[in-house]
Amino acid sequence: MNKENCIHIGSFIKPHGINGALILKFENNFPGNFENTELIWVDIDGLLVPFFILDDGIIIRSEGIGGSAIVEIDEFDDEKQSRELLGCGVYIEQKNFEALSLDDAIDFSAIAGFEVVDKNYGSIGILTQVISYPSHNVLQIYKDNIEILIPFSPAIVTKIIVAIKQIHINAPEGLIELYLPIDN
């Protein structure tokens, strides 16, 4: 499995109990259907290794970035096994997350608060609202109290992933730099 086909959701931070369960700390927006996940991929020495989850083996403790879950991996039955995965990144296959089609009718109020990620620039901030004009819509994004306005068009907005609350864009060259400084 390639990391390009997966979404990094967090890392194992400590064992939970003595029966092999682990605490997963979310480092990304919480994937809403994570509780039903049957397979995770763990980054061990740069390679993604598959691990099956026990039935009902995921208990969400708190959601969102910094939240956590208790994860029980199939065939892990003691704390020694779970300690081997501490600090390892946890991934889920991207195909498990539905992306909204830009052809669908989108409830703009439902995507407010989503992180906006540019293909080249990375995270550029949080969507506060979609401003509707007669001829087009504009994403209003804030990062560090700086307002960023990006046209909402299929040529720029490439996908919206509801499960992890992200909007992926490919902004025209120079547009983001009008608002945010470039780190050299």
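Where a number appears in this text, it was derived from the coordinates with a stated rule and is not lab data. It should be emphasised that the depicted structure is a prediction, and the values quoted were computed from it without experimental measurement. Cβ: placed from backbone, ideal geometry, glycine included. Neighbour counts: every protein chain shown.
Highest GNM mean-square fluctuation among I106, I73, I60, for the chain modelled with Cα contacts below 10 Å: I106. Bridgeable aspartates and glutamates around K80 (alpha carbons under 16 Å apart, same-chain partners fewer than 8 residues away excluded): E72.
Taking 1.567 mPa s as the viscosity and 4 °C as the temperature, the Stokes-Einstein diffusion coefficient of the chain based on its alpha-carbon Kirkwood radius rounds to 72 µm²/s.
Label-to-label distance for S123 and T158 is 1.8 nm, based on points extended 7 Å past Cα in the beta-carbon direction.
I need the calculated FRET efficiency for the pair I106 and Y142, taking r as the beta carbon distance and R₀ as 22 Å, to the nearest 0.05. Present the calculation step by step, with values, prior to reporting the outcome.
On the way: r = 20 Å, r/R0 = 0.90.
Step by step, r from the Cβ atoms, then E = 0.65.
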